[in-house]
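Student: Could you have a look at this structure, given as structure tokens, before my questions?
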Amino acid sequence: EPVGHLLNRFFEANPANMEEQVALIERPALVEFLESGDGPCRRLYRMPGFSDGDLFHVSGAELYNHHMETNRTVTSTQITGTIDGDGSPDMAATSDFLFITDGATLQWTDGSSALASIATPDTIPMISLDVFNGYVLCVQNNSDRFYWIQPGEVVIDPLDFATAEKLPDRVWQVRT
């Protein structure tokens, strides 16, 4: 048999494979982020379909866009603006916009332009974000209420909200 080289793969025991009892599992490529912020790394986010599948990286208070070319070189660009707080910001993307909340400010970018703030109803910050059928769901901090942003929009209509109907339970996070 020819010698096989393990390139970006590793062995793992697999009892379901009746012949070799092993499997070759693909390992995702690792990319080193050189000079991308002072850190610490607070969040990595990528959504296929937004910004050519670029990886977004929050380092300290800065947001970076990492774009991989076809020759596998990575171009890192800092997005102008600041992401406050010291925890892990929550991120969600539609096909056109990336939304970020740090528990204090709700912001958006198209992946290359500066971060822009979104006014929140009653100036109460959002703590969690996700996208469902083009709607951006935004969970209000310390509340049983969540808002949504209409598809293609970057503003919250104060009347676009829902609350817990039967029992006033707090909403902590939204995930689809």
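The values are calculated or read from the model by the stated rules, or taken from the named source; none is laboratory data. Computed from a prediction, not measured in an experiment: that's the story for all the values here. Here the Cβ positions follow ideal geometry from the backbone for every residue, glycine too, while neighbour counts run over all protein chains shown. Ligands, DNA and RNA are excluded from the accessible area calculation, which covers all protein heavy atoms including side chains. Shrake-Rupley method; radii C 1.70, N 1.55, O 1.52, S 1.80 Å.
Student: Right, residue 153: buried (at least 16 other Cβ atoms within 10 Å of the Cβ), more than 19 Å from residue 46 (Cβ to Cβ) and free of Cβ contacts under 8 Å to residues at least 12 places away in the same chain or not? If you could, list the steps in order and put the result at the bottom.
Tutor: Values: buried (at least 16 other Cβ atoms within 10 Å of the Cβ): yes; more than 19 Å from residue 46 (Cβ to Cβ): yes; free of Cβ contacts under 8 Å to residues at least 12 places away in the same chain: yes.
Judged against the criteria, residue 153 is a match.
Student: Since residue 162 meets every condition but one in (1) in contact with a Pro (Cβ under 7 Å, 6 or more places away or on another chain); (2) farther than 22 Å from residue 57 by Cβ, which condition does it not meet?
Tutor: Going through the list (1) in contact with a Pro (Cβ under 7 Å, 6 or more places away or on another chain); (2) farther than 22 Å from residue 57 by Cβ, residue 162 breaks only (1).
Student: Is it fair to say residue 113 is open to solvent by less than 50 Å² (accessible area, probe 1.4 Å), not in a strand (DSSP E or B) and not acidic (Asp, Glu)?
Tutor: Working: open to solvent by less than 50 Å² (accessible area, probe 1.4 Å): yes; not in a strand (DSSP E or B): yes; not acidic (Asp, Glu): yes.
Judged against the criteria, residue 113 is a match.
Student: Another question, then. Right, residue 134: surrounded by fewer than 21 Cβ atoms within 10 Å (Cβ to Cβ), in contact (Cβ under 8 Å) with a residue 40 or more places away in the chain and either aliphatic (A, V, I, L, M) or within 23 Å of residue 61 (Cα to Cα) (or both) or not? Explain how you work it out, then say what you get.
Tutor: On the way: surrounded by fewer than 21 Cβ atoms within 10 Å (Cβ to Cβ): yes; in contact (Cβ under 8 Å) with a residue 40 or more places away in the chain: yes; either aliphatic (A, V, I, L, M) or within 23 Å of residue 61 (Cα to Cα) (or both): no.
So residue 134 does not fit the description; no.
Student: I'm checking my understanding of the structure. Among residues of segment 159-176 that are under 15 Å from residue 127 (Cα atoms) and of a type in the set (Lys, Arg), which one is modelled with the lowest pLDDT?
Tutor: Per the stated criteria, the residue is 170.
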